[in-house]
1. Inside the stretch 39-70, can you point out the residues that are part of a loop (DSSP other than H, G, I, E, B) and surrounded by 12 or more Cβ atoms within 10 Å (Cβ to Cβ)?
2. Report, ordered by the first and then the second residue, all pairs with beta carbons closer than 7 Å, sequence separation of six or more or different chains, a first member in the stretch 46-70 that is within 11 Å of the ligand (Cβ to nearest atom), and a second member that is basic (Lys, Arg) and part of a helix (DSSP H, G or I).
3. Using the structure shown, decide if PRO23 is more than 14 Å from the chain's Cα centre (by Cα), surrounded by fewer than 10 Cβ atoms within 10 Å (Cβ to Cβ), free of Cβ contacts under 8 Å to residues at least 12 places away in the same chain and in a helix (DSSP H, G or I).
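Bear in mind that the values in this text are calculations on the coordinates, not laboratory data. Everything quoted here is computed from the prediction, not taken from an experiment. Cβ: placed from backbone, ideal geometry, glycine included. Neighbour counts: every protein chain shown.
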Amino acid sequence: MAQAAVPHSQPVPLRIPVRELLPWALFAGVLALALVYFVGAEQGALSLFPGNAVHEFVHDGRHLLGFPCH
Ligand SMILES: [Zn+2]
């Protein structure tokens, strides 16, 4: 039995112009840098927030990523 040719559409790749992507990429980059700062350097003299709350909150991630700690 011959199958009828079923027309199927080809998937069209989604194109995102750089002009639309750039602000989000910049936002994600700044967010990532802030996160790396808080995980890696928010301690002691570099501390933005007084106390150990931020340091303790990200402490496991700090060790996981290999930042020097204690
Ligand atoms: Zn530690």
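1. Hits for the stretch 39-70 are ALA41, GLU42, GLN43, SER47, ASN52, VAL58, PHE67.
2. Final answer for the pair search is CYS69/ARG62.
3. yes
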